[in-house]
Each structure stands twice: as structure tokens, then as C-alpha cells.
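Single-structure report; data block below.
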Amino acid sequence: MTKVQVRELVFEKFISREEIDVAVQKVADAINRDFEGKNPLLLAILNGAFIFASDLMRKITIPCEISFVKFASYSGTQSTSNIKELIGVDEDLKGRYVIIVEDIVDTGLTMEKLLQDIDLKKPAGVKVACFCFKPEAFQKDYSIDYIGLTIPNDFIVGYGLDYDGYGRNLPDIYKIVK
Ligand code: 5GP
């Protein structure tokens, strides 16, 4: 099992870049099918979703646009309920089809905040696409429409996901060695 060290923590290989590619393609295929003729706006959540969003967008074959929002909710390896908005939604979303693009949904708090903000802007429809979903950690009841991979409640790094700012550049995904 390949291991990497990120800061003081050790992680082991969990999801290969080939499996990642298949999962991203699956999400893109569903979006291509569901949003034909709807010119969706991808709203990617920084920082973690930047790699997933760029891979996903290149696999989307229908006309679409992208924009970015930024929140801070994670502290080290723990999700916190204290969510700060750093970059908000500045697009006119009225009548638009919006697809929120998130790297990982854990407790679901960050996504809930964004869904509430977007709802006020009267879009035609909002869907959520996340690369990884942790059902054991999820505390909310809204639906996640497109899921790349469903994973256990372990802290992961790589493919855009960091530990303390590092590890985002790993092409594969690694999980923490407990
Ligand atoms: P939530 O609000 O759903 O608890 O957390 C969402 C955010 O926490 C994600 O966008 C991501 O940035 C971060 N996060 C959640 N789980 C993990 C994880 O396993 N690894 C990393 N690196 N970040 C995570």
C-alpha cells in the first residue's frame, strides 16, 4: 500500500486516478443528459473543488458556464459548524439552472448555507454535484443529485483536497492512517 506524509500525518492510497476519472465521467454523463438545452451555470466551491470542477467541465459537452464561491468551515481534520463566506455569489442567477460543484460533502453544513443563499436569487433550478459523499457524516435532509464516489467517514487528501493547505496536488486520493 503506497503511503504519503502530508505535514505530520500519514495517509495511504485509497482511490486511484483511474477510478477518479471514471467517477468524474459518470457525473459528466448525467449532467450532459439532464441539462441539454439549459445552459447551466456550474458554481464551484473553492478551494477544494477546483480540480474536480476543471475535470468535470472538460467532460461536459453541452454549453455551460462556471463561477466560484468560497467558504471556510474546516479546521485541520475536523468539520466545524462555523461557516464563513469569503467569496459570495455575484452572478445574476434569476431563471438560471445552477449546478453546485463540491469536492466532498461531509456534514452537509457548507452546502446547506450555499443552497439557502442561492434560493434567494430565484434560479430556475439547483442541483448538487459532489465528487465524494460521506453518508455516515451527513446531518442534513436535502438531496445530493450527482455523486462521484460514496466513501466512509475517513479524512482524505488529494485531487484538490488538502490537509492544512497541503496535499491538493496528489493525483490520487489518500485516506488517513489512524
Ligand atoms: P461540510 O460542511 O459538508 O461538513 O464540509 C464540507 C467541506 O469540508 C468540504 O468542502 C471540504 O473542503 C471539507 N472536507 C470535508 N471532508 C473532508 C475530508 O475528508 N478531507 C478534506 N481534505 N476536506 C474535507
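The values are calculated or read from the model by the stated rules, or taken from the named source; none is laboratory data. Just so it is clear, the model here is predicted, and its values are computed rather than measured. Heads up, the Cβs are rebuilt from the backbone with ideal geometry, glycines too, and the neighbour counts pull from every protein chain shown. Ligands, DNA and RNA are excluded from the accessible area calculation, which covers all protein heavy atoms including side chains. Shrake-Rupley method; radii C 1.70, N 1.55, O 1.52, S 1.80 Å.
Brief remarks follow.
- Looking at K134, K140, just one residue is touching a Gly at 6+ places or on another chain (Cβ under 7 Å) and within 12 Å of the ligand (Cβ to nearest atom), and that residue is K140.
- Options E19, E36, E91: the member that is more than 16 Å from the ligand (Cβ to nearest atom), in contact with a Leu (Cβ under 7 Å, 6 or more places away or on another chain) and either modelled with pLDDT of 95 or more or open to solvent by 20 Å² or more (accessible area, probe 1.4 Å) (or both): E91
- Any hit, the stretch 89-106, residues being farther than 18 Å from V128 by Cα and either in contact with a Cys (Cβ under 8 Å, 6 or more places away or on another chain) or among the charged types (D, E, K, R) (or both): yes
- The residue that is farthest from T110 (Cα to Cα), counting only those in the stretch 152-171 that are near the ligand (Cβ under 8 Å from one of its atoms) and either open to solvent by 50 Å² or more (accessible area, probe 1.4 Å) or in a loop (DSSP other than H, G, I, E, B) (or both), is G167.
- Every pair of residues 6+ apart whose Cβ atoms lie under 6 Å, when the first sits in the stretch 10-39 and is in contact (Cβ under 8 Å) with a residue 12 or more places away in the chain while the second is open to solvent by 60 Å² or more (accessible area, probe 1.4 Å) and among the polar types (S, T, N, Q): K13/T2; N32/T61
- Unmet requirement for I100, which otherwise passes all of (1) closer than 27 Å to P40 by Cβ; (2) open to solvent by less than 50 Å² (accessible area, probe 1.4 Å); (3) in a loop (DSSP other than H, G, I, E, B): (3)
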